[in-house]
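Below is a structure I'd like to ask you about.
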């Protein structure tokens, strides 16, 4: 099933012509921002130099750092009065990344999600429980608008209150659920303990954190549904950038809206077709915040150029990792540098720390071991408890995530030479 | 402020009433013909759609109560096919099953239209950045305000509730000009901001707030406006009506209720008798255009009065006064009706005490006792020799004279009473324990 057959199946010269036309428009749009005026000048290239799609390699790459430097509105290519939505995501330093949307941007975003959901056979009779965070996180509102566009019945359940979520699935006859894969496993566990079989569920849409094929089998077995992988990032609207079709061998990425390249994460050089590297995307229809060659930090490769048996075009492989040190904890991006930043602001602790990530009952748990500073180390139990609380609160404020803090004696954490390895991810292949 | 939909908002009263009658008539016919629940209700009540010949005949129809929604859980009294529904909201009930509200596409459109009119009557427009700090998700506050502001073309920042320091940073950095949240959460944000060294009045572009989902008072408005340097507007709605739907206009003289969407009555909560405009009683609402879950003479449980005089802003639609309390929040202390809003009202008139309070009701022997815990204001607290006994006596005296019941007051340090994000729960009734 297609939501927009023409755009979903466009290929060959027709696609290349459309992409080139839209690329030129995007360059023009990006040229309205100070950032791209400067970047293009530094790269010694002007929009007029782009005559074919191959010329895209001459354009400068954009990184998350560029977005942060533009905080808050430096990347907006339209006046604020044309911006109808702002989302923010936490970044590596104190300030978040700000993403703006015009009304057309919201329409396009919803259209892409409508395509994804139609592609896996969903329609207006489906009842959709959207069990991800609403608000500043793009996952909730993104899928909400997409499902509404199709005319599905949306239950904006957000996260939390798992027993209530299960009751709603039963009472409303929910057919589709969207959540993080780890939350889905948690749901399965609670449902089993309640003796609920959740018979109405047929489809699960899972994203916002990496998950494996074995997790897919487990989710499908325990929840009795078909599980689909969803990929997206706020910089490209949010979720909906790439999505599995019923074949479930790779994710379709919408080539009319995104120009896709794979580069070497170390050098930024474009890689040969089929090679694995960092996904770089140039959005082709974004108005409020156009981007050029944005480095997603995600590792994947482009699959068979001839496209898919479903009739749609070239796919990307499921994301196999991140090229930086970002951790995704319960769907929230966490950078070790954020933790370092917080600890440095507290005189009572040293700057040595270790992060442990575990999966407890299918939910990610983050524990941070911190060394006290020699001066503050009194050994008094009360002092320790107070300190622990303070550090937890500071971390929660910065990361937007609850963490367990363990204080340890000065000098007891391992020291690394060169690039420190602060993170031990024990989630394995849950 | 110029109307969003001038044809409707400035419609002459007689024309508006003709429109209301037409909408009422077709809604009642539709419900009687196609819905078992409404048909049975009307039959039991001995009334037929043909009996509705004037707007006044509305009073012939039976009331609807929250219990009807609960009994119909989840969707037995819906009047739209499942495939026509595009949304469910669910409000947690204090007892047992929650209340479920379904929406068709047109229901969502009317809801957004209602708030777009309301927001623009306060001067909100495309150039504004609106921080929506109501909870998103099953609660109607977040998505309701979100869709209304988006309809208007304002820039929506969907912060939802929580992570208050981040809210303050974003308010400053993104040049937020309007906020929608509960009044208690706005006060919390302001307190956190001050701790961060940020004055909302001097360091942000905030100029208005749409405050609701819990009862608040005129004194609280004055305090918020003076402290934060903004205009604070009252917003009204319940999930049964769709969600937050109506606000005051820039005149701040009552909440405009759009007559093409809702038909109002105020009734005596005890007898159900319809009261005159200006008389205080229980607000009863008939939704004229709702498709999925229509409400006919729905008893909201909210206490207020209707004002039918045209507003100086030029809008012709009736207004309701600030909600004075809940019929079911009413505490009966030694036979006397007491509303938490009265306590709030009284405390805000006393400069020695802060705005946060807690009521503890208990039974000592056979007698009800009422204790009010209240925070001393920062100024009175930092005073070298605070005459706390005198303040306590003064507060007790003021409360006794406004409530007609004797009250014991306990003064506590500023910042020690619990702050609630979302609806405040200020009453602890220990009598049933």
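The values are calculated or read from the model by the stated rules, or taken from the named source; none is laboratory data. Nothing here was measured: the structure is a model prediction, and the numbers come from that model. Please note: Cβ atoms are built from the backbone with ideal geometry, for glycine as well, and neighbour counts cover all protein chains shown.
Is there a residue in the range A:112-126 that is touching a helix residue (DSSP H, G or I) at 6+ places or on another chain (Cβ under 6 Å), within 12 Å of chain B (Cβ to nearest Cβ) and buried (at least 20 other Cβ atoms within 10 Å of the Cβ)?
No; the residues of the range A:112-126 include none that is touching a helix residue (DSSP H, G or I) at 6+ places or on another chain (Cβ under 6 Å), within 12 Å of chain B (Cβ to nearest Cβ) and buried (at least 20 other Cβ atoms within 10 Å of the Cβ).
Say whether the condition of being at pLDDT 90 or above, closer than 23 Å to residue A:61 by Cα and surrounded by fewer than 19 Cβ atoms within 10 Å (Cβ to Cβ) is met by at least one residue in the range A:309-324.
yes
Only one residue in A:155, A:177, A:169 is buried (at least 24 other Cβ atoms within 10 Å of the Cβ), more than 10 Å from every other protein chain (Cβ to nearest Cβ) and over 20 Å from the mean Cα position of the chain (by Cα), so which one is that?
On the way: A:155 fails: more than 10 Å from every other protein chain (Cβ to nearest Cβ); A:177 fails: over 20 Å from the mean Cα position of the chain (by Cα).
Going through A:155, A:177, A:169 in turn, the sole match is A:169.
Would you point out which residue out of B:321, B:314 is modelled with pLDDT of 85 or more and under 22 Å from residue B:275 (Cβ atoms)?
B:321
Let me ask another. For the range A:66-74, check the following and say yes or no: at least one residue is surrounded by fewer than 17 Cβ atoms within 10 Å (Cβ to Cβ), under 22 Å from residue A:22 (Cβ atoms) and in contact with a strand residue (DSSP E or B) (Cβ under 8 Å, 6 or more places away or on another chain). Steps first, answer last, please.
First, the residues of the range A:66-74 that are surrounded by fewer than 17 Cβ atoms within 10 Å (Cβ to Cβ): A:69, A:74.
The next check asks that each one be under 22 Å from residue A:22 (Cβ atoms); those that pass are none.
No, the conditions are met nowhere in the range A:66-74.
Among the candidates A:366, A:354, A:327, single out the residue that is closer than 28 Å to residue A:134 by Cβ, surrounded by 13 or more Cβ atoms within 10 Å (Cβ to Cβ) and modelled with pLDDT of 85 or more.
Values: A:354 fails: closer than 28 Å to residue A:134 by Cβ; A:327 fails: modelled with pLDDT of 85 or more.
Just a single option satisfies the conditions, and that option is A:366.
What single numbered condition from (1) in contact with a strand residue (DSSP E or B) (Cβ under 6 Å, 6 or more places away or on another chain); (2) within 20 Å of residue B:159 (Cα to Cα) fails to hold for residue B:224?
Result: residue B:224 fails condition (2) only.
Residues checked against (1) surrounded by 22 or more Cβ atoms within 10 Å (Cβ to Cβ); (2) over 16 Å from the mean Cα position of the chain (by Cα); (3) over 20 Å from residue A:58 (Cβ atoms):
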residue	(1), (2), (3)
A:250	no, yes, yes
A:253	yes, no, yes
A:257	yes, yes, yes
A:263	no, yes, no
A:277	yes, yes, no
A:280	yes, no, no
A:288	yes, yes, yes
A:292	yes, yes, no
A:297	no, no, yes
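Being surrounded by 24 or more Cβ atoms within 10 Å (Cβ to Cβ) and under 22 Å from residue A:80 (Cα atoms) is the filter here, so list the residues in the range B:129-141 that pass it.
If the condition is that a residue be surrounded by 24 or more Cβ atoms within 10 Å (Cβ to Cβ) and under 22 Å from residue A:80 (Cα atoms), then B:130, B:131, B:132, B:133 are the ones that fit.
Tally the residues that are within 14 Å of chain B (Cβ to nearest Cβ) and touching a helix residue (DSSP H, G or I) at 6+ places or on another chain (Cβ under 6 Å), restricting the search to the range A:47-73.
Of the residues in that region, 2 qualify.
Now, a different point. At least 1 residues that are buried (at least 19 other Cβ atoms within 10 Å of the Cβ), in the same structural domain as residue B:5 (by TED's automatic domain parsing) and under 15 Å from the mean Cα position of the chain (by Cα) in each: list the strands (runs of 3 or more DSSP E) lying fully within the range B:284-349 that qualify. Step through it out loud before you land on a result.
Numbers: elements: B:298-304, B:331-333, B:336-338.
So the answer is B:298-304.
From the list A:146, A:139, which residue is within 12 Å of residue A:110 (Cβ to Cβ) and more than 10 Å from chain B (Cβ to nearest Cβ)? Before you say what the answer is, go through the steps one by one.
Values: A:139 fails: within 12 Å of residue A:110 (Cβ to Cβ).
Answer to the check: A:146.
Among A:103, A:81, A:41, which is the only one that is surrounded by fewer than 19 Cβ atoms within 10 Å (Cβ to Cβ), at the interface with chain B (Cβ under 9 Å from one of its Cβ atoms) and out of contact with any helix residue (DSSP H, G or I) (no Cβ under 9 Å at 6 or more places or on another chain)? First the steps, then the outcome.
Details: A:103 fails: out of contact with any helix residue (DSSP H, G or I) (no Cβ under 9 Å at 6 or more places or on another chain); A:41 fails: at the interface with chain B (Cβ under 9 Å from one of its Cβ atoms).
When all the criteria are applied, what remains is A:81.
Further question: State all residues of the range B:264-283 that are within 17 Å of the chain's Cα centre (by Cα) and either more than 16 Å from residue B:327 (Cα to Cα) or in a strand (DSSP E or B) (or both); if no residue qualifies, say none.
Looking only at the range B:264-283, we keep the residues that are within 17 Å of the chain's Cα centre (by Cα), and these are B:264-266, B:280-283.
Once the filter is applied, which keeps residues that are within 17 Å of the chain's Cα centre (by Cα) and either more than 16 Å from residue B:327 (Cα to Cα) or in a strand (DSSP E or B) (or both), the range B:264-283 yields B:264, B:265, B:266, B:281, B:282, B:283.
Inside the range B:118-145, can you point out the residues that are part of a helix (DSSP H, G or I) and more than 8 Å from chain A (Cβ to nearest Cβ)?
Answer for the range B:118-145, where residues must be part of a helix (DSSP H, G or I) and more than 8 Å from chain A (Cβ to nearest Cβ): B:118, B:119, B:120, B:140, B:141, B:144, B:145.
Of all strands (runs of 3 or more DSSP E) completely enclosed by the range B:158-248, which ones contain at least 3 residues that are buried (at least 24 other Cβ atoms within 10 Å of the Cβ) and away from chain A (no Cβ under 14 Å)? Let's see the steps before the verdict.
On the way: elements: B:178-181, B:208-211, B:231-238, B:243-247.
Where strands (runs of 3 or more DSSP E) fall fully within the range B:158-248 and carry at least 3 residues being buried (at least 24 other Cβ atoms within 10 Å of the Cβ) and away from chain A (no Cβ under 14 Å), they are B:208-211, B:231-238, B:243-247.
Shifting gears a bit: Among the residues of the range A:301-308, is there at least one that is loosely packed, with under 15 Cβ neighbours inside 10 Å, at pLDDT below 90 and touching a strand residue (DSSP E or B) at 6+ places or on another chain (Cβ under 8 Å)? Break it down stepwise before answering.
Step one: filter the range A:301-308 for residues loosely packed, with under 15 Cβ neighbours inside 10 Å, giving A:304-306.
Next, from what is left, pick out any that are at pLDDT below 90: A:304-306.
When the remaining residues are screened for being touching a strand residue (DSSP E or B) at 6+ places or on another chain (Cβ under 8 Å), the result is A:304.
Yes; the residues of the range A:301-308 include at least one that is loosely packed, with under 15 Cβ neighbours inside 10 Å, at pLDDT below 90 and touching a strand residue (DSSP E or B) at 6+ places or on another chain (Cβ under 8 Å).
Among the numbered conditions (1) in a helix (DSSP H, G or I); (2) more than 7 Å from chain A (Cβ to nearest Cβ); (3) in contact with a strand residue (DSSP E or B) (Cβ under 9 Å, 6 or more places away or on another chain), tell me where residue B:151 comes up short.
(3)
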